[in-house]
Amino acid sequence: MADTQTFTVMDSDAALAELGPAIHLDHCVIHVSDWARATAFYRDVMGAEVVPRGHGVAYRFGGVQLNAHGPGLSPTPLADKPVMPGNSDLCFRWSGPIEGAMAHLAAHGVPVELGPVERHGAAGAGISVYFRDPDGSLMEFITYPDPRDP
């Protein structure tokens, strides 16, 4: 599902030259209240690779990762106002028509809260649907028109 690519150091020079500037999101942090429930959601619904990290996990989407804070962890340093369960707002690119994203969510018993609606994301104008993770954080799937379509 992820369109992000991870390159080896040798391959990255040419790719980064095309992308400039060479600053890209590597990871961000979410906070979960229940490891098993969150992992099932991010793995099964969101399509993440689950990466064990000590007593917790991270959720990887191609070359971008969600580091998770949760029960049993005491990460440092923290933001001045650390993220808490239910207060994240994340958008993921869905590859394909938005109807496919809605069917995927329905198949996993995840209700769509809003959408489809027009939104603007990193690739311009798109169509989005909004839903919630198990802690109540707002999730969004956005899809962009195929440039080959007239």
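Structure notes:
- Checking ARG148 against (1) over 16 Å from ASP89 (Cβ atoms); (2) without any contact (Cβ under 8 Å) to a residue 12 or more places away in the chain; (3) part of a strand (DSSP E or B), the condition it does not meet: (3)
- Within segment 27-44, being assigned to a strand (DSSP E or B) and of a type in the set (Asp, Glu) holds for no residue.
- Selection count, segment 113-139, where residues are more than 12 Å from PHE41 (Cβ to Cβ), surrounded by 15 or more Cβ atoms within 10 Å (Cβ to Cβ) and either within 15 Å of the chain's Cα centre (by Cα) or not basic (Lys, Arg) (or both): 9
- Filtering segment 45-90 to residues that are open to solvent by 70 Å² or more (accessible area, probe 1.4 Å) and not in a loop (DSSP other than H, G, I, E, B) leaves GLU49, PRO52, ARG53, ARG60, ASP89.
- If you filter segment 45-67 down to residues that are aliphatic (A, V, I, L, M) and either touching a strand residue (DSSP E or B) at 6+ places or on another chain (Cβ under 8 Å) or more than 13 Å from LEU90 (Cβ to Cβ) (or both), you find that the one that is modelled with the lowest pLDDT is VAL64.
The values are calculated or read from the model by the stated rules, or taken from the named source; none is laboratory data. These numbers come from a predicted model, not from an experiment. Note that we place each Cβ from the backbone using ideal geometry, even for glycine, and neighbour counts take in every protein chain shown. Accessible surface is based on the protein model in full, side chains and every heavy atom, while ligands, DNA and RNA are left aside. Shrake-Rupley method; radii C 1.70, N 1.55, O 1.52, S 1.80 Å.
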